[in-house]
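The values are calculated or read from the model by the stated rules, or taken from the named source; none is laboratory data. Note that the coordinates shown come from a computational prediction; the quantities given were computed from them, not determined experimentally. Because the Cβ atoms are built from the backbone with ideal geometry, glycine has one as well, and the counts that use them run over all protein chains shown. Accessible surface is based on the protein model in full, side chains and every heavy atom, while ligands, DNA and RNA are left aside. Shrake-Rupley method; radii C 1.70, N 1.55, O 1.52, S 1.80 Å.
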Amino acid sequence: MYGDIVILSGAGISAESGIPTFRDSDGLWNNHRIEDVATIEAYERHPEQVHDFYNGLKIDLQKALPNPAHLAITELQNGYRNGTVSVVTQNVDLLHEKAGNRNIYHIHGQIDQAVCMNCGRITDARGEVTTETLCAGCGMAATLKPNIVFFGENLLRMIEVDALLDKCRLLIAVGTSGAVYPANTFARIARYHGADTIEFNLHATVNSYDFDRHVIGRAGETFPRFVKELSAEK
Ligand code: APR
């Protein structure tokens, strides 16, 4: 039996809810250049284009519903008695919240927030944000950026996440390609501190060697089955 569990989720867990991933054939990064919509340079060069991209993505993400993989996390969090179950997600959608998951750490930010580049205030941004939108903190216009970590920016909540990785005894990666640093080092860090590691994906990934066990298949099927197995262990 394990102690604390960390679930590291990627776009693959949301793919089961109809949200495109980033690097699969129909992925977001195959239809948009990262350097056009996901870098600070892009935001400074053409903020309107960056706002348009995320305003459009926001509509799709907010329509999506959690799938059995998200719901299985809530089941695990409700039933697991040997420690805490934390969700460290690279996803900016809110499907973990919609599924009732707790202890969620959005390390790449979240689609329903904006951050002011002038005063740093993070505000609710469920609606459309443009260069005309005023910051609720300092009242300035053209200073709001989606509260999404762009390439080259620091991740969010990493002090707390580092502590989780040190302490957990099981790290489970669900639906991530392992393409992006530093999330792709979390399994190695957890293993260094004595955790078992399991990877749930459609196929092997670039950092599969960091995992003790590989569960191949669609997360909406494989992960609920795993939660049932774990719950049966006494
Ligand atoms: N079940 C399980 N795994 C799946 C499923 C599914 N139904 N569908 C896709 N996958 C897997 C793919 O095989 C792939 O390994 O999910 C992974 C998605 O990989 P990416 O598109 O690279 O997404 P992710 O790993 O979350 O990307 C990390 O990169 O661009 C940045 O900030 C962005 O958070 C993102 C980060």
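Residue count for region 88-100, restricted to those that are over 13 Å from the mean Cα position of the chain (by Cα) and either within 17 Å of Ala183 (Cβ to Cβ) or buried (at least 19 other Cβ atoms within 10 Å of the Cβ) (or both): 1.
Filtered by the rule that a residue be open to solvent by 20 Å² or more (accessible area, probe 1.4 Å), under 20 Å from Ile13 (Cα atoms) and not small (Gly, Ala, Ser), region 177-200 gives Val180, Tyr181, Pro182, Asn184, Thr185.
Residue-level analysis places Asp4 outside the set of residues that are out of contact with any Ser or Thr (no Cβ under 6 Å at 6 or more places or on another chain), of a type outside the set (S, T, N, Q) and either modelled with pLDDT under 95 or more than 11 Å from the ligand (Cβ to nearest atom) (or both). Which of the residues spanning region 149-199 are touching a residue at least 60 places away in the same chain (Cβ under 8 Å) and assigned to a strand (DSSP E or B)? Across region 149-199, the qualifying residues are Phe151, Leu170, Leu171, Ile172, Ala173, Val174, Asp196. Of the residues Asn184, Asn201, Asn207, which single one is within 19 Å of Phe22 (Cα to Cα) and modelled with pLDDT under 95? None of the others qualify; the one that does is Asn207. In region 29-134, counting only strands (runs of 3 or more DSSP E) that sit wholly within it, the ones holding 2 or more residues that are among the hydroxyl-bearing types (Ser, Thr, Tyr) span 85-89. Only one of (1) touching a residue at least 12 places away in the same chain (Cβ under 8 Å); (2) more than 10 Å from the ligand (Cβ to nearest atom) is not met by Tyr209, so which one is it? Among (1) touching a residue at least 12 places away in the same chain (Cβ under 8 Å); (2) more than 10 Å from the ligand (Cβ to nearest atom), Tyr209 violates only (1).
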